[in-house]
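Only the coordinates and a few stated rules stand behind these numbers; no lab work does. Computed from a predicted structure; not experimentally measured. Here the Cβ is made from the backbone with ideal geometry for all residues, glycine too, and neighbour counts use every protein chain on show.
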Amino acid sequence: MTVVLAIFAVVTTMAVPHLIRQNAGHQVRLAAAETVTILRRARANATRLNVKVGVKFVITEDQIAYYRMYQDSDGDGVRSKDILAGIDTPLGPLRRMAHLGHRVGFGFPPGEAPRDPGNPKRRLHRLQDPIRFNRSDIASFGPMGTATPGSLYLTDHRDYLVVVRLVGLSGRVRTLIYDRKEESWR
């Protein structure tokens, strides 16, 4: 019985770290899928309502992520200053993102900067800014389904990194996973 328990302890000790890493990767992929769904819903709202619609992402000090959709009310696109002034109106309440929180969030894992998914010869800079839609944290969609190009980087704050990329003219959303060993996106 002691030998069986010792073997079980050794196997468990070897398997648990692998399971924890595997779970972390799963959690990051779930957060990416949720982000894709939010962006697609905003695009659908823009075409359905025939107005520009933006999604503003908000991260609290305790790393909880929220989002809210807004419609452009003055014809200049959804802008942060118009949101603050009450010009661009919300299309619903502030919603908490279910799969982003203490273990998974917008950001980058520690260590060397990853390669730029748009130009793999370069490394990413501005690692303090994981939500990149030009100079804004707002993903914007036009009534014809077009979008402001940009990227949202999601991580488990240890090993995993996923980018959700929004392609401008088509408004399509792509998800890429970073392989740290190969230093490439797939």
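Considering only residues of the stretch 132-147 that are in contact (Cβ under 8 Å) with a residue 40 or more places away in the chain and touching a strand residue (DSSP E or B) at 6+ places or on another chain (Cβ under 6 Å), which is nearest to residue 35 (Cα to Cα)?
139
When the residues of the stretch 34-89 are narrowed to those that are in contact with a helix residue (DSSP H, G or I) (Cβ under 9 Å, 6 or more places away or on another chain) and small (Gly, Ala, Ser), which ends up surrounded by the most Cβ atoms within 10 Å (Cβ to Cβ)?
Top of the filtered list is 54.
Among strands (runs of 3 or more DSSP E) lying entirely in the stretch 79-181, which contain 1 or more residues that are hydrophobic (A, V, I, L, M, F, W, C)?
Where strands (runs of 3 or more DSSP E) fall fully within the stretch 79-181 and carry at least 1 residues being hydrophobic (A, V, I, L, M, F, W, C), they are 138-141, 150-155, 161-166, 173-179.
Would you confirm whether or not the stretch 128-141 contains a residue that is more than 25 Å from residue 42 (Cα to Cα) and exposed (fewer than 14 other Cβ atoms within 10 Å of the Cβ)?
yes
Mind checking whether some residue in the stretch 148-162 is farther than 22 Å from residue 30 by Cα, hydroxyl-bearing (Ser, Thr, Tyr) and surrounded by fewer than 19 Cβ atoms within 10 Å (Cβ to Cβ)?
no
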